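J.: I'd like to ask you about the structure that follows.
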Amino acid sequence: MELKIKGIYRHFKGDYYLVEDVAFHSETGEKMVVYRALYGDNKLWVRPYNMFIEEVVGKSQPHRFELQTIESVKK
């Protein structure tokens, strides 16, 4: 699964998030996803890249976060 920067993703529990960028942990070099909640106070979060894209079993979608296709209202 390839991550789309500035893409909108749905978490398997239902909320939506905007992927802001990819960053690297300053001590370990671990690749991290920086993403913003598209609800409430729009908190900024980070999660290990591999965890962000991992598959989840027995949930409403195959991956923890799934890229969404959002159509423009303009024709």
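J.: Test of understanding: among TYR39, TYR35, which residue is more than 17 Å from ILE70 (Cα to Cα) and not β-branched (Val, Ile, Thr)? First the steps, then the outcome.
T.: Details: TYR39 fails: more than 17 Å from ILE70 (Cα to Cα).
Within the list TYR39, TYR35, the selection yields TYR35.
J.: Turning to a different aspect of this structure: Of the residues in the stretch 23-37, how many are among the β-branched types (Val, Ile, Thr) and over 13 Å from the mean Cα position of the chain (by Cα)?
T.: Initially, the stretch 23-37 is screened for residues among the β-branched types (Val, Ile, Thr), giving 28, 33-34.
Now restrict to residues that are over 13 Å from the mean Cα position of the chain (by Cα): 28.
Selection size over the stretch 23-37: 1.
Values quoted throughout were computed directly from the atomic coordinates according to the rules given, and no laboratory measurement underlies them. Note that the structure is predicted; figures quoted are calculated from it, not measured.
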